[in-house]
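**Q** The structure under discussion is supplied below as structure tokens; questions concerning it will follow.
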Amino acid sequence: MKIIKLCLLFFPLIVFSQQTDSISLSNLSMSKNSKTGALSKGVEITCDQVIMKVNGKVQQTNTFFYDDEIELSFENVKGFKKNNNKVYPKMSMEIIKNNNEVVFSNPKLLDGLQGTDLSPLQLYASFKAHLDYGDANYKLIIKITDAKGTGFFTYEFPFKVRNNSKFLNITFSDNVSVGTIFLWNKTTEEYVKEPTINPNNVYVIVFDNIYGLNGDNPKVYPVFSMNLDNFKGHNILNEDHLLKQYEVDGINATEVENNQITGEITFDKDKGSIKNPYMFEAKLVDKKTNKYIEVKTIFNIQ
């Protein structure tokens with residue numbers, strides 16, 4: 001059993017073609033995707049369709065997993081004023097949480113573009129769903145404008161973010177919070193999104209940005225345990241104190257808040273035959289305050 005302490009993991013864009021109902025009033029165009037709620041509006045500037053990629057796959061959805069990477073492609077954008085056979089598009093993007101909090105803003109996505117004569121014109125924008133999940137509602141707003149004219153095109157897309165490992169049951173003490181908890185397949189370099197694991201792979205349970213375990217103390221004194229066994233007494237993993245080296249001196253609370261605590265799960269081929277299902281438990285406790293975060297789930301091992 002190996003423990004990786006306070007490390008950062010970087011992960012892996014989904015693409016959909018819009019199914020829209022459109023109207024046109026004078027120089028105003030408007031279309032809404034009846035499935036996702038995405039709304040496109042333009043004056044003078046038009047766009048044939050918006051294609052969305054999340055981790056490289058085509059899909060119509062407005063629910064993403066935490067840390068998904070989303071790329072949008074605006075196809076055949078036209079209506080700009082021409083200057084010396086070139087057009088001069090500008091683009092901005094912001095993400096608003098619960099209709100009042102701006103969590104991302106970039107007003108100059110095309111900063112540095114000195115005009116273009118590409119036709120048909122495609123414009124791109126992307127973001128990473130490194131956002132709070134749960135009950136939060138988000139709206140992506142992208143605005144394309146004309147540096148040489150008054151036309152504009154706006155794209156508003158409502159979405160939600162959910163925990164990658166939605167099958168994990170997470171509980172914690174009052175006044176304790178965690179940015180995210182997920183299971184990472186280190187072998188295949190992807191999130192584990194279903195409660196099925198392969199004993200030939202190596203997994204990592206990740207606790208990201210933990211607040212409150214220490215109470216009023218400046219340090220966290222962590223006791224980190226993991227257990228994996230079935231209901232017939234077959235134990236695969238039993239670790240009671242994975243961070244024992246910090247038992248005396250502790251870890252600065254700011255380090256725990258700004259980084260990750262992780263535990264690596266490997267399988268011993270000599271542990272005997274697999275008899276599903278298996279209960280997995282991981283618990284992180286502060287030795288001095290007894291405040292905790294606990295994760296439980298039932299796995300099937302392939």
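**Q** Taking 7 Å along the Cα-to-C-beta vector as the label spot, tell me the Asn98-Gln49 distance in nanometres, rounded to one decimal.
**A** 3.7 nm
**Q** If you plug each phi of the stretch 152-169 into the Karplus form 6.51 cos²θ - 1.76 cosθ + 1.60 with θ = phi - 60°, what whole-Hz ³J(HN,Hα) values come out, in order, with x for Gly and Pro?
**A** 8, 9, 10, 10, 10, 10, x, 7, 10, 10, 10, 4, 4, 9, 5, 7, 7, 8
**Q** Hey, what's the stretch 134-236 come to in accessible area per residue, 1.4 Å probe, Å²?
**A** Accessible surface, normalised per residue, equals 43 Å².
**Q** Another question about this same structure. Could you check the spin-label model distance between Leu121 and Gln302? Points 7 Å from the Cα along Cα→Cβ, value in nm.
**A** Each label point is offset 7 Å from its Cα along the Cβ direction, giving 4.7 nm.
**Q** Any idea what the dipole of the stretch 183-302 comes to, in debye rounded to 20, about its Cα centre with Lys/Arg Cβ at +1 and Asp/Glu Cβ at -1?
**A** 360 debye
**Q** Another question about this same structure. Once Lys and Arg get +1 and Asp and Glu get -1 on their Cβ, which of Val256, Asn55, Leu72 lies farthest toward the positive end of the dipole of the chain?
**A** About the Cα centre, the residue reaching furthest to the positive side is Leu72.
**Q** When the accessible area of the chain is computed with all protein chains present and a 1.4 Å probe, what percentage of it is carbon and sulfur?
**A** Ligands and nucleic acids excluded, carbon and sulfur give 45 percent.
**Q** How much length is gained if the chain between Met279 and Met30 is pulled fully straight, taking 0.36 nm per residue apart and subtracting their Cα-Cα distance, in nm to one decimal?
**A** 84.5 nm
**Q** Among residues other than Ala129 whose Cβ falls under 9 Å from its Cβ, what is the net charge (Lys/Arg +1, Asp/Glu -1)?
**A** -2
**Q** What's the lysine pair count for the stretch 74-120 at a Cα cut-off below 23 Å, pairs eight or more apart or interchain?
**A** 10
**Q** Antiparallel versus total DSSP beta bridges in the chain: what percent is that, nearest 5?
**A** 95 percent
**Q** Sorting check: for 277-283, 99-105, 238-244, which peptide has the highest mean count of neighbouring beta carbons within 10 Å, and how do the rest follow?
**A** Top of the packing list down: 277-283, 238-244, 99-105.
**Q** Right, another one. Give the Rg/Rh ratio for the stretch 40-121, taking Rg as the radius of gyration of the Cα atoms and Rh as the Kirkwood radius, to two decimals.
**A** Reported Rg/Rh (Cα atoms, Kirkwood Rh): 1.00.
**Q** Which links in Lys35/Lys296; Lys35/Lys186; Lys186/Lys296; Lys32/Lys296; Lys128/Lys275; Lys53/Lys291 stretch past 31 Å when you go from one Cα to the other?
**A** Long pairs (Cα-Cα over 31 Å): Lys35/Lys296; Lys35/Lys186; Lys32/Lys296; Lys128/Lys275; Lys53/Lys291.
The values are calculated or read from the model by the stated rules, or taken from the named source; none is laboratory data. Please read these numbers as outputs of a predicted model, since none were measured by experiment. Don't worry about glycine lacking a Cβ; one is built from the backbone with ideal geometry, like all the others, and counts go over all protein chains shown. These area figures cover heavy atoms from the full protein model, side chains too; ligands, DNA and RNA do not enter into them. Shrake-Rupley method; radii C 1.70, N 1.55, O 1.52, S 1.80 Å.
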